[in-house]
Amino acid sequence: MAAVTATKARNGFSKLLNKVSKGGEPVAISRRGKIIAGVVPPEVFEYIRRLRAKEDAEDIRAADRAMKEYERTGKAIPLEKLKKKYGL
């Protein structure tokens, strides 16, 4: 994966976008040696967007199931028990 500094990315943003869109390879943008952002081809961005939407939908379905279970039974799991279970 190619990498550029934030300054080079800012100064050559149009070139950077063309490189990514035509070459199809992501580019990491760094500041002081640390990656702070990335520019990815549209296909990669769309894949990430769909993946996040799927995860969000799964979370919503799980919350709906939990709420229905609570409404049915009147039982809730105490927050402290959940924190302990998940190491929070």
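Side notes on the structure shown:
- Looking across the stretch 18-37, the residues that are farther than 11 Å from residue 3 by Cβ and surrounded by 15 or more Cβ atoms within 10 Å (Cβ to Cβ) come down to 19, 20.
- Any hit, the stretch 42-52, residues being exposed (fewer than 10 other Cβ atoms within 10 Å of the Cβ), in contact (Cβ under 8 Å) with a residue 12 or more places away in the chain, of a type in the set (Asp, Glu) and closer than 30 Å to residue 5 by Cβ: yes
Since every read-out is calculated from the coordinates, none of them should be taken as a lab result. Model, not experiment: these values are computed from the prediction. So basically every Cβ, Gly included, is an ideal-geometry build from the backbone, and we count neighbours across all protein chains shown.
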